[in-house]
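A short worksheet on the structure shown next.
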Amino acid sequence: MRRQVRLSLPAQADIAHILAESEQLFGLAARRRYDALIRTALKDIGENAERAGARHRSDFGPGVFVYPLMLSRARAQTPEGKVRRPRHVIVFRLVGHDLVDVGRVLHDSMDFIRHIPPEYRQG
């Protein structure tokens with residue numbers, strides 16, 4: 001079942017930062033590759049939020065999942081190629097039967113618990 005994907009304001013800011021940094025460090029083609037990868041990953045979790053590789057992280061909070069962008073890499077081909085070694089993850093939760101709420105898009109080296117939205121954390 002296809003779910004709507006909603007990006008929180010922090011997730012939108014994360015994506016803008018990732019794309020700007022990709023362009024600054026590696027050029028416009030790299031930005032386009034990363035943009036395609038993020039869009040593909042968001043589409044993938046909208047189509048199947050509990051797909052292989054999406055890890056349930058009950059230690060963060062009830063219903064919280066982490067999905068590595070690397071798992072969507074093969075489907076994110078652009079004319080310039082694809083991202084070689086993506087290091088970001090999408091932190092999300094399911095809301096009802098028809099919504100994926102994306103809280104953050106974080107680098108895998110970050111301390112996730114410090115950066116996930118407060119409403120995602122266990123009470």
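Bear in mind these aren't lab numbers, they're just calculated from the coordinates by the rules spelled out. All figures in this text were calculated on a predicted structure; none of them were measured in a lab.
With springs connecting C-alpha atoms under 10 Å apart, model the chain as a Gaussian network and identify which of ASP44, ASP98, ASP14 has the largest mean-square fluctuation.
Comparing ASP44, ASP98, ASP14 in a Gaussian network model of the chain, the most mobile one is ASP98.
Looking at segment 4-120, what % of its DSSP beta bridges pair antiparallel, to the nearest 5?
Percent antiparallel among DSSP bridges in segment 4-120 is about 80.
Translational diffusion coefficient of the chain at 4 °C, 1.567 mPa s, Stokes-Einstein with Kirkwood Rh over Cα pairs, in µm²/s as a whole number.
89 µm²/s
Compute the angle between helix 9-26 and the longest alpha-carbon principal axis of the chain, please, reported from 0 to 90 degrees and rounded to the nearest 10.
In the chain, helix 9-26 runs at an angle near 20 degrees to the longest axis.
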